Amino acid sequence: MIVFENVTKTYNEGAENAFNAILNLDLTINSREITVLRGPSGSGKTTLLTLIGGMARPTSGRIHVAEREVTSLPERFLTKMRQDTFGFVFQSFNLIKGLSVLDNVMLPLTPLGRPRNQIRKEAYALLERLHIQSKAHNLVETLSGGEAQRTAIARALINNPPVLIADEPTANLDTGLSYAFMDIIKELKDQGKTVVMTSHDPLVWKSEIVDQVISVRDGKIESNPT
Amino acid sequence: MKIWIERQRSLIDFTVAGLLRRKVRNLGLMAVYSCVVFILATVMLFTHSLRKEASVLLSDAPEITVQRVIMGRHALIEHTDLDVVSKIRGARHARGRLWGYFYDTANGANYTLMVPDKVHTIKQGQVQIGAGVARARDLKKGKFLFLTTNRGKLFKLQVSGILSTESELVSSDLVLMSEQDYRNFFRLPSNVYTDLVLNVRNSREVTKIAEKISAVLPDSRVITRDDILRTYESLFSWREGILLALLGGALCSFIIFAWDKTSGLSASERQEIGILKAVGWETSDILTMKLWESVLISLGAFLFAYTLAYLHVFYFSAGLLEPVLKGWAILYPQFHLTPEVDPLQVMTLLFFTVFPYVAATLVPIWRAAIIDPDTVMR
């Protein structure tokens with residue numbers, strides 16, 4: 001379970017152009033459920049996602065992950081938490097250009113000191129599961145949108161995290177690929193994983209596999225979303 | 001330990017892949033780096049070997065040289081002074097030497113004309129010449145060397161041998177002739193010498209004997225072998241210093257260049273750091289990876305350039321820097337230096353080239369790596 005208590009995130013704090021991306025927000029995300037954060041651009045969805053995933057720290061308030069207060073954790077522990085708990089799928093996939101699909105997927109496990117052969121085997125297995133094993137040695141810049149997204153999902157799942165975080169996962173996909181993505185998410189849910197996504201795509205937030213939809217506007221949760 | 005090795009292997013794999021992704025930039029950087037190290041290493045290797053060569057050659061030189069000085073200028077010394085020096089206790093093998101310079105208007109070169117020791121007697125009418133003179137005058141054994149005295153008289157001397165190229169550092173411009181030819185050529189009376197030389201029975205007494213000579217011949221300058229060696233040392237050090245001072249500028253430019261290339265992290269590099277942090281890399285992982293990257297570039301370029309400089313100096317006679325380092329003479333010696341590497345010099349060069357580069361690379365990476373991945377990616 002992920003719990004936000006009165007969380008505020010202010011960018012450029014103290015400067016003239018300071019603004020609150022998230023303001024005094026309370027939120028609970030249940031384990032083994034699919035939660036979608038929806039809202040217009042600039043509403044604070046992505047900021048919320050980075051706070052959930054420990055990629056940024058709140059300006060004030062507290063965040064609990066699996067009953068552990070993580071707001072004031074030193075950077076080293078926060079990194080460890082990202083390593084063990086979260087897998088990220090970014091809106092623009094954020095694959096590293098110039099590297100192959102396989103190398104990108106293996107990236108999270110690279111600094112852990114595990115034997116390369118073993119990591120490679122696990123990466124191949126994931127690529128097979130996501131039906132892109134034939135592209136394993138292709139450079140990521142040669143992939144189509146759907147292939148790049150499946151590569152990003154494989155990279156997010158390589159360390160077998162209990163929580164998958166995805167930022168606008170269908171924004172760059174056509175309808176067919178969006179449905180295929182939702183099938184993958186259903187599979188993950190069936191495996192007992194928690195999924196948190198941002199999306200303003202009705203195909204996502206209206207999907208029957210989604211357990212909770214949270215509407216965000218101006219950094220706050222809307223009580224009566226339209 | 002096994003985990004540590006596996007971790008380093010994985011990071012090196014990733015680093016190499018990263019280097020290949022930015023081929024042009026990294027190759028450019030390595031080329032500039034190699035150029036700087038190559039020139040610095042050439043100067044250091046060359047001057048160090050010259051010093052070593054000079055000290056080996058001078059080990060056979062007389063321990064003390066006595067020159068007469070009149071009005072602060074070197075003057076001819078008389079035979080009676082040789083008798084005085086010979087009688088000093090502890091002195092042995094005192095003898096007069098005849099040597100001088102001759103400016104050859106034909107090719108604008110200075111030759112050193114000299115009468116050799118008694119052991120290397122040369123017949124009247126014959127000469128032995130250094131390889132530099134042979135090259136300048138296109139002479140071989142059996143051919144004739146023509147020299148004109150300062151009174152316009154032509155001297156014809158047959159070349160009986162060319163001096164060994166192994167000693168070319170000191171013999172390149174040498175013309176050895178008989179005592180009679182020498183005295184006739186310079187119109188010297190039979191009772192004078194250019195200077196006197198002697199050895200000492202007990203080598204620890206050199207300074208003492210030199211003091212005694214100064215006392216009995218107050219109008220003379222006494223030079224010990226160590227003095228000559230020190231002069232060579234300072235001469236080569238001076239030339240090396242001038243070059244290194246000039247190269248210091250080049251080194252500074254390189255550091256600025258490296259700093260500019262590595263510190264100005266591009267948006268894609270910053271984003272890459274953000275991605276790595278987001279997928280679970282620690283700051284130390286990123287720093288280790290970047291450390292490998294800078295070490296591979298700097299150490300690779302250093303080893304490549306140092307090997308090139310070694311070959312340049314010891315197998316190609318330092319062709320690029322020869323005129324600057326060998327001296328003012330027209331007759332540059334052509335000789336192969338004995339390979340000689342000073343570990344302290346290697347470490348100094350390594351420290352002043354690799355260390356600044358690694359620091360220039362790591363500082364900005366560290367600054368980018370310690371902030372939240374979210375900030376880096378934005």
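The values are calculated or read from the model by the stated rules, or taken from the named source; none is laboratory data. Computed from a prediction, not measured in an experiment: that's the story for all the values here. Here the Cβ is made from the backbone with ideal geometry for all residues, glycine too, and neighbour counts use every protein chain on show. Heavy atoms of the whole protein, side chains included, go into the accessibility calculation; ligands, DNA and RNA do not. Shrake-Rupley method; radii C 1.70, N 1.55, O 1.52, S 1.80 Å.
Summary of values
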quantity: Failed item in (1) open to solvent by less than 10 Å² (accessible area, probe 1.4 Å); (2) farther than 24 Å from A:K9 by Cα; (3) assigned to a loop (DSSP other than H, G, I, E, B), with A:I185 passing the rest; calculated: (3)
quantity: Count - residues of region A:163-179 that are out of contact with any strand residue (DSSP E or B) (no Cβ under 6 Å at 6 or more places or on another chain) and outside any helix (DSSP H, G or I); calculated: 5
quantity: Selection count, region B:40-61, where residues are in contact with a Leu (Cβ under 7 Å, 6 or more places away or on another chain) and charged (D, E, K, R); calculated: 1
quantity: Lone qualifier among B:V295, B:V354 - being modelled with pLDDT under 85, part of a helix (DSSP H, G or I) and open to solvent by less than 60 Å² (accessible area, probe 1.4 Å); calculated: B:V354
quantity: 3 or more residues touching a helix residue (DSSP H, G or I) at 6+ places or on another chain (Cβ under 7 Å) and under 28 Å from A:L139 (Cα atoms): qualifying strands (runs of 3 or more DSSP E) within region A:34-105; calculated: A:86-89
quantity: Sole residue being open to solvent by 20 Å² or more (accessible area, probe 1.4 Å) and touching a residue at least 12 places away in the same chain (Cβ under 8 Å), chosen from B:D195, B:D219; calculated: B:D219
quantity: Hits in region A:95-111 (condition: at the interface with chain B (Cβ under 8 Å from one of its Cβ atoms) and surrounded by fewer than 20 Cβ atoms within 10 Å (Cβ to Cβ)); calculated: A:K97, A:G98
quantity: Pair list, Cβ under 8 Å, 6 or more apart: region B:152-179 residue at pLDDT below 85, other residue among the charged types (D, E, K, R); calculated: B:L169/B:E53
quantity: Condition met for A:K193 (at pLDDT 90 or above and either out of contact with any Pro (no Cβ under 8 Å at 6 or more places or on another chain) or within 14 Å of another protein chain (Cβ to nearest Cβ) (or both)); calculated: no
quantity: Subset of region A:157-176 [closer than 17 Å to A:L203 by Cβ, open to solvent by less than 60 Å² (accessible area, probe 1.4 Å) and either under 18 Å from the mean Cα position of the chain (by Cα) or within 14 Å of another protein chain (Cβ to nearest Cβ) (or both)]; calculated: A:A166, A:D167, A:E168, A:P169, A:T170, A:A171, A:L173
quantity: So B:R25, is it within 14 Å of chain A (Cβ to nearest Cβ) and either open to solvent by 20 Å² or more (accessible area, probe 1.4 Å) or not in a strand (DSSP E or B) (or both); calculated: yes
quantity: Evaluation of A:E208 against (1) open to solvent by 90 Å² or more (accessible area, probe 1.4 Å); (2) under 17 Å from A:A156 (Cβ atoms) (one fails), failing number; calculated: (2)
quantity: Residue list for region A:112-156, restricted to those being free of Cβ contacts under 8 Å to residues at least 40 places away in the same chain, open to solvent by less than 10 Å² (accessible area, probe 1.4 Å), part of a helix (DSSP H, G or I) and within 14 Å of chain B (Cβ to nearest Cβ); calculated: A:I119, A:A123
